[in-house]
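K.L.:
Next up is a structure, given as structure tokens.
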Amino acid sequence: MKSLFLCTTILGMTIKVALAANAPVTIVSYNVQNLFDTVDDKSNPRDDTYLSKEEKEARGKEHEAVCESYDEKGSHYYKQCIELNWGEESYAKKLATLGAVIRSFPETPDILVLPETENKLVLDDLINKALKGLDYKSVIQLDTSDNEQNRGIDVGIISRLPLKTPPEAITVFPKDKPNPNNCKPTRDIVKAEFEMPDGETMYVFGVHFPSGAAYECRKDAMQVLNDERAKLPEDANIVAAGDFNFTCVDVQNGEFQALARKGRWSYPPEIVGCAAPGSAFYYKDQSWSFLDMIMVSGALRPDRDSNSTWFADLGSFHTVVTHPSQYAQDARNRVRPKRFNPDNNQGASDHWPVLMRFLKRF
């Protein structure tokens, strides 16, 4: 009887491992809108925006001078630096809300790419407090981007999957190498190599490209990503996820598609035009854009010959809007992302997260 019990236990363990190895792996990209702590980082003058009003007033003219040193007086960012009240209550509420949003997903992501994080501390706080118990093991936040130009926000990644090698930061526009389009230093690309449940390797690039009207700078940043992708084996499992900041006009003009083809990327069919759906909403012209995307290498396409044991379910790509903190409504009941507001500690982010599943091929 003891031998039978032992065999049954071993068999049960084997089945459990097999099921885990065959379970889908889910990747989510979620721009978390300025996730800063409340500590003044002396190496990053631009985090002075994210201090309590009490501390700002105590610093007086010194604080005003810091704000004016990197933003024109009267500009949006200058006013935010002077007026924003970012204390422990707002920080704790922001973390709790992000945790509630992520927990509300039908499936919590195995890999979560998080643009707009200040440092590793905020990710440690996120997984140890708001996401406690969800078994996130790997925490990546290299805090390497140029602070003076970048507002001190980088791309972070948390994952249940273990890292196979140390992560890397890839500088997009180095200071010592002038860009032909005068692009300013921007967020580094983060490269991570994860071990999938069956032992295969998955490379993940986390990105946050330049925003606004600077299409040429997004184009140049995309070329940096394409060059890094080209350094990896053609048959490698590769994912690029994050805030690409390509507007719907970039897509309508076919400019994004051309860059994706050049890098041999496949992207979801939902990446079209300026109408809903999308991950971000422009209130001024009432248009939607998938600023946030997930792209994959050819080895992860189900319709290509591949030795990979995984494939990307491109049709599974969608926004994940599952918690009331994520959306606001106007007078006509039109819904859009609800940015976090420190004045009342409501909202979550001005972006919606996007999700894609990866399934076993055989």
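The values are calculated or read from the model by the stated rules, or taken from the named source; none is laboratory data. For clarity, every value in this text was computed on a predicted model and none was experimentally measured. So basically every Cβ, Gly included, is an ideal-geometry build from the backbone, and we count neighbours across all protein chains shown.
K.L.:
Which residue is surrounded by the fewest Cβ atoms within 10 Å (Cβ to Cβ), if the candidates are limited to region 40-56 and must be assigned to a helix (DSSP H, G or I) and of a type in the set (Asp, Glu)?
P.N.:
Narrowing region 40-56 to residues assigned to a helix (DSSP H, G or I): 45-49, 53-56.
If we keep only those that are of a type in the set (Asp, Glu) too, we end up with 47-48, 54-55.
Numbers: Asp47: 23, Asp48: 23, Glu54: 9, Glu55: 15.
Only one residue tops the list, namely Glu54.
K.L.:
Specify the residue that is farthest from Lys120 (Cα to Cα); the eligible residues are those in region 23-72 that are basic (Lys, Arg) and modelled with pLDDT of 90 or more.
P.N.:
Lys61
K.L.:
Say whether the condition of being free of Cβ contacts under 8 Å to residues at least 12 places away in the same chain, loosely packed, with under 15 Cβ neighbours inside 10 Å and more than 15 Å from Phe209 (Cα to Cα) is met by at least one residue in region 246-254.
P.N.:
Residues of region 246-254 free of Cβ contacts under 8 Å to residues at least 12 places away in the same chain: 253-254.
Now drop any that are not loosely packed, with under 15 Cβ neighbours inside 10 Å, which leaves 253-254.
With more than 15 Å from Phe209 (Cα to Cα) added as a condition, the list becomes 253-254.
Yes, region 246-254 has at least one match.
K.L.:
Mind listing just one residue for me: the one in region 119-167 that is of a type in the set (Gly, Ala, Ser) and surrounded by fewer than 21 Cβ atoms within 10 Å (Cβ to Cβ) and, of those, nearest to the chain's Cα centre (by Cα)?
P.N.:
Of the residues in region 119-167, the ones of a type in the set (Gly, Ala, Ser) are 130, 133, 138, 145, 152, 156, 159.
Imposing the further condition that a residue be surrounded by fewer than 21 Cβ atoms within 10 Å (Cβ to Cβ) reduces the set to 130, 133, 138.
Working: Ala130: 17, Gly133: 21, Ser138: 15 Å.
Looking at the filtered set, the residue picked out is Ser138.
K.L.:
How many residues, within region 75-97, are charged (D, E, K, R) and either modelled with pLDDT under 95 or more than 14 Å from Gly347 (Cβ to Cβ) (or both)? Step through it out loud before you land on a result.
P.N.:
Residues of region 75-97 charged (D, E, K, R): 79, 83, 88-89, 93-94.
Subset that is either modelled with pLDDT under 95 or more than 14 Å from Gly347 (Cβ to Cβ) (or both): 79, 83, 88-89.
Final tally of qualifying residues: 4.
K.L.:
Follow-up question, since we're still on this one. Kindly indicate whether any position in region 268-275 is farther than 19 Å from Val224 by Cβ, in the same structural domain as Arg304 (by TED's automatic domain parsing), in contact with a strand residue (DSSP E or B) (Cβ under 6 Å, 6 or more places away or on another chain) and outside any loop (DSSP other than H, G, I, E, B).
P.N.:
No, the conditions are met nowhere in region 268-275.
K.L.:
Surrounded by fewer than 16 Cβ atoms within 10 Å (Cβ to Cβ), touching a residue at least 40 places away in the same chain (Cβ under 8 Å) and among the basic types (Lys, Arg): which single residue out of Arg304, Arg336, Arg361 fits that description?
P.N.:
Within the list Arg304, Arg336, Arg361, the selection yields Arg361.
K.L.:
Of Gly273, Gly263, Gly298, Gly315, which residue is on the phi > 0 side of the Ramachandran plot and not charged (D, E, K, R)?
P.N.:
After applying the criteria, what remains is Gly273.
K.L.:
Right, another one. Would you mind telling me which numbered condition in (1) under 18 Å from Ser316 (Cβ atoms); (2) of a type outside the set (Gly, Ala, Ser); (3) under 16 Å from the mean Cα position of the chain (by Cα) Pro269 fails?
P.N.:
For Pro269, the exception is condition (3).
K.L.:
Something else now. May I ask you to list the residues in region 323-358 that are in contact with a helix residue (DSSP H, G or I) (Cβ under 9 Å, 6 or more places away or on another chain) and closer than 20 Å to Pro24 by Cα?
P.N.:
Answer for region 323-358, where residues must be in contact with a helix residue (DSSP H, G or I) (Cβ under 9 Å, 6 or more places away or on another chain) and closer than 20 Å to Pro24 by Cα: Pro353, Phe358.
K.L.:
Residues of region 182-220 being under 19 Å from Asp143 (Cβ atoms) and among the aliphatic types (A, V, I, L, M), which ones?
P.N.:
Within region 182-220, Ile189, Val190, Ala192, Val204, Val207 meet the criteria.
K.L.:
Let me ask something additional. Among the listed residues Leu114, Leu98, identify the single one that is in contact (Cβ under 8 Å) with a residue 24 or more places away in the chain, in contact with a strand residue (DSSP E or B) (Cβ under 6 Å, 6 or more places away or on another chain) and either outside any loop (DSSP other than H, G, I, E, B) or outside the structural domain of Gly60 (by TED's automatic domain parsing) (or both).
P.N.:
Leu114
K.L.:
Say we look at region 276-288 and pick out the residues that are touching a residue at least 40 places away in the same chain (Cβ under 8 Å) and assigned to a loop (DSSP other than H, G, I, E, B); which of these is surrounded by the fewest Cβ atoms within 10 Å (Cβ to Cβ)?
P.N.:
The qualifying residue surrounded by the fewest Cβ atoms within 10 Å (Cβ to Cβ) is Tyr283.
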